[in-house]
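Have a look at the structure below, then the notes.
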Amino acid sequence: VQLQASGGGLVQAGDSLRLSCTASGRTGIVYGMGWFRQVPGKERELVVAISWNGGSTYYADSVKGRFTISRDGAKNAVYLQTNSLKPEDTAVYYCAAKGFGTAQTMGITSMDYWGRGTQVTVSS
């Protein structure tokens, strides 16, 4: 499975961005999807996740109420709507997939596939 993330950019604090991640290849298996982010010198962290059937989601405390994850099964895509962006949201954002992953089973060490990151920079 190949994952292609896009939608990052340079914005000001308070702005919004919509990140997209499109899967191609072995998409017959249904995947739970997650968005992770990483800043230099820090570990990659799970920000949001959505289960393979869309039935459960996970949001890190730092983004609750501001970020929303959604998926479009027909397009093999997952989206991350980021609102009210803060400078501390600046990071490289990565999408990742786990076969039949749920919000409880997805994490930094359990994902099956990773996409290349997309840079999000929020200026103050």
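A short reminder: the numbers here are calculations on the coordinates, not readings from a lab. Keep in mind it's a predicted model, so treat the numbers as computed, not measured. Virtual Cβ from ideal backbone geometry, glycine too; neighbours counted across all protein chains shown.
Rounded to the nearest whole Hz, the Karplus-based 3J(HN,Hα) values (6.51 cos²θ - 1.76 cosθ + 1.60, θ = phi - 60°) of region 86-93 follow the sequence 10, x, 6, 7, 4, 4, 8, 9, with x at glycine and proline. If the chain linking Thr105 and Val39 were pulled fully straight, counting 0.36 nm for each residue of separation and taking away their Cα-Cα distance, it would gain 21.4 nm. Rounded to the nearest 5, the antiparallel percentage of DSSP beta bridges internal to the chain is 90%.
Mean silhouette area of the chain, derived from the convex hull of its C-alpha atoms and averaged over all directions, reads 6.8 nm². Where a Cα-Cα gap under 27 Å defines reach, which lysines qualify for Lys42, not counting those fewer than 8 residues away within the same chain? The qualifying lysines are Lys64, Lys86, Lys98.
Using a simple charge model, +1 on the beta-carbon of Lys and Arg, -1 on the beta-carbon of Asp and Glu, nothing else, what dipole does region 2-124 show about its Cα centre, in debye to the nearest 20? Before the final figure, lay out each step's value.
On the way: 12 positive and 8 negative charges, 39 e Å.
Its charge dipole is roughly 180 debye.
The H on the amide N of Gln2, modeled in the peptide plane, is under 5 Å from the matching H of Ser24, Gly25, Arg26, each at least 5 residues off or on a different chain. When only Cα pairs below 8 angstrom with a gap of at least 6 residues are kept, the chain shows a relative contact order of 36 percent. Can you list the residues, at least 5 places off or on another chain, whose amide H is less than 5 Å from the amide H of Phe100, using H built in the peptide plane? Answer set, sorted by chain and number: Val30, Tyr31, Gly32.
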